[in-house]
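*Asks:* Before I ask anything, here is the structure I am working with.
The values are calculated or read from the model by the stated rules, or taken from the named source; none is laboratory data. All of these numbers come straight from a predicted model, not from anything done at the bench. Backbone-built Cβ (ideal geometry, glycine too); neighbour counts: all protein chains shown.
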Amino acid sequence: MNLPWLDEHKNALHERLEAGRLGHAPLIQGPSGVGKRELARWLAERILCLEPAGREPCGQCRACELMASGSHPDFFGVDVPEDRQSIPVDAIRGLIEKMQLTPSVGTARVGLFMDADAMNRNAANALLKTLEEPAPGAWLVLCSDQPASLPATIRSRCQKLALRPPPPETAEHWLAQISGDVEESRRKAALVLAGGAPLAAHAMLEHGEFERGLAILDTLVEPRSDRRSGKLLEEWQQDAAGTWQWLARWLALIMNRLRGVSSTDLPMADRLPVDLSPECVARLWEQALEGRRAASAGSVRQDLSLGKWLLEWEALMESRSQR
Ligand SMILES: [Zn+2]
């Protein structure tokens, strides 16, 4: 998948690599859906490639072939294990051991963290020493949506590279090419809802997320009749983190509207009420963010918190009609 807005970053990384000035631990940070992982993966391939063709990995050498088949012996991806909520310390110990071995293919080894902020505290501490005294030819490439949750000691030893959403025209053009069968108005709305992050907008359109968000908006604006039966909460609970995310999005849009900010690319936001108390909306928005954090961290029984949240929302809407 070609992401044209990454070109300038690739150029800069290429120049630094060529000049031997690329630090051994780049930290690619930025919001979700702007291409951090794609850039990190590209950088790993570029570092390991034996005969780069200018800026790009050649795609043909032994290293590139091994990367393509997922079996490069000097490449180590560090992810959250399926049965865990964070990257445990033993994963880091394993990585450090492997990073100290002599490379089998070329002269470099790369450890890649797609979600560096998922390291638990012990894991982060274990990584510190490697960051302080890197073995020659050893690279650690880190990605993070939430660099603030990484310990400052880790951040200060990395070379930060901030990815931001591309200009709207670039994002719209890319999205039109990749989701061309989706109506333009939906594409534009998805981009606004995704905060301008093209990959996040694409995922929203591809996986039914967009429709789900609209259904949640319906519920906020017109309370559903099956609300009391618990069916609604059962539905919401199935992807609690996603539900909280949508609640937070819609409430953020209400806050914008209360401040007089709105986007012409998001006509459905006109359905949101504009006569609510800003303090109450802000409080519910914060609760939704908190709920999302808890749900992402694996907290169960989100149906209780979601139910409580919905009651508060309904009371707020009710107070409006009584004014
Ligand atoms: Zn190559």
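*Asks:* Do we find that Ser86 is under 20 Å from the mean Cα position of the chain (by Cα), among the small types (Gly, Ala, Ser) and buried (at least 20 other Cβ atoms within 10 Å of the Cβ) in this structure?
*Replies:* Taking the combined requirement at face value, the residue does not satisfy it.
*Asks:* Oh, and also: How do the pairs read when you match residues in region 64-80 that are without any contact (Cβ under 8 Å) to a residue 60 or more places away in the chain with residues anywhere that are outside any strand (DSSP E or B) and among the polar types (S, T, N, Q), using Cβ under 8 Å and keeping only pairs 6 or more apart or on different chains?
*Replies:* Once the first residue is without any contact (Cβ under 8 Å) to a residue 60 or more places away in the chain and sits in region 64-80, its partners that are outside any strand (DSSP E or B) and among the polar types (S, T, N, Q) give Pro73/Ser104; Asp74/Ser104; Val80/Ser86.
*Asks:* Follow-up. Looking at Val192, Val141, Val182, can you tell me which residue is in contact (Cβ under 8 Å) with a residue 60 or more places away in the chain and outside the structural domain of Met99 (by TED's automatic domain parsing)?
*Replies:* On the way: Val141 fails: outside the structural domain of Met99 (by TED's automatic domain parsing); Val182 fails: in contact (Cβ under 8 Å) with a residue 60 or more places away in the chain.
One residue alone meets the criteria, Val192.
*Asks:* Another question, if that's okay. Go over the candidates Gly298, Gly260 one by one and state the one that is modelled with pLDDT under 90 and either β-branched (Val, Ile, Thr) or over 24 Å from the mean Cα position of the chain (by Cα) (or both).
*Replies:* The conditions single out Gly260.
*Asks:* Follow-up question, since we're still on this one. Suppose the filter is farther than 16 Å from Phe75 by Cβ, among the acidic types (Asp, Glu), surrounded by fewer than 20 Cβ atoms within 10 Å (Cβ to Cβ) and at pLDDT 95 or above; does Glu8 pass it? Spell out how you get there, then give the answer.
*Replies:* Numbers: farther than 16 Å from Phe75 by Cβ: yes; among the acidic types (Asp, Glu): yes; surrounded by fewer than 20 Cβ atoms within 10 Å (Cβ to Cβ): yes; at pLDDT 95 or above: yes.
Judged against the criteria, Glu8 is a match.
*Asks:* Can you pull out the residues in region 111-133 that are of a type outside the set (A, V, I, L, M) and more than 21 Å from Trp42 (Cα to Cα)?
*Replies:* Passing the criteria: Asn120, Arg121, Asn122, Asn125, Lys129, Thr130, Glu132, Glu133.
*Asks:* I need every pair where a residue in region 30-59 that is closer than 19 Å to Ala19 by Cβ and more than 9 Å from the ligand (Cβ to nearest atom) has its Cβ under 8 Å from the Cβ of a residue that is modelled with pLDDT of 95 or more and polar (S, T, N, Q), sequence separation at least 6 or different chains.
*Replies:* Arg55/Asn11
*Asks:* Moving on to the next point. For region 101-137, which residues satisfy the criterion of being basic (Lys, Arg) and either closer than 13 Å to Thr153 by Cα or loosely packed, with under 14 Cβ neighbours inside 10 Å (or both)? Please lay out each step first, then the result.
*Replies:* Let us first name the residues in region 101-137 that are basic (Lys, Arg), namely 109, 121, 129.
Listed by number, the residues that qualify are Arg121, Lys129.
Condition check ((1) among the β-branched types (Val, Ile, Thr); (2) under 23 Å from Leu22 (Cα atoms); (3) under 22 Å from the mean Cα position of the chain (by Cα)) across all residues:
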position: Val105; (1), (2), (3): yes, yes, no
position: Ala138; (1), (2), (3): no, yes, no
position: Cys143; (1), (2), (3): no, yes, yes
position: Ile154; (1), (2), (3): yes, yes, yes
position: Arg164; (1), (2), (3): no, yes, yes
position: Trp174; (1), (2), (3): no, no, yes
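*Asks:* With (1) part of a loop (DSSP other than H, G, I, E, B); (2) modelled with pLDDT under 95; (3) touching a helix residue (DSSP H, G or I) at 6+ places or on another chain (Cβ under 8 Å) as the list, and Thr107 as the residue in question, which single condition is left unmet?
*Replies:* All conditions are met except number (3).
*Asks:* Give the number of residues within region 254-276 that are part of a loop (DSSP other than H, G, I, E, B), touching a residue at least 40 places away in the same chain (Cβ under 8 Å) and surrounded by fewer than 16 Cβ atoms within 10 Å (Cβ to Cβ).
*Replies:* Count: 3.
*Asks:* If you go through region 68-75 one residue at a time, do you hit one that is out of contact with any Pro (no Cβ under 7 Å at 6 or more places or on another chain) and more than 16 Å from the ligand (Cβ to nearest atom)?
*Replies:* So far as region 68-75 goes, no, none of its residues is out of contact with any Pro (no Cβ under 7 Å at 6 or more places or on another chain) and more than 16 Å from the ligand (Cβ to nearest atom).
Quick grid of which residues meet (1) of a type in the set (A, V, I, L, M, F, W, C); (2) touching a strand residue (DSSP E or B) at 6+ places or on another chain (Cβ under 8 Å):
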residue: His24; (1), (2): no, yes
residue: Leu50; (1), (2): yes, no
residue: Asp79; (1), (2): no, yes
residue: Ala126; (1), (2): yes, no
residue: Glu132; (1), (2): no, no
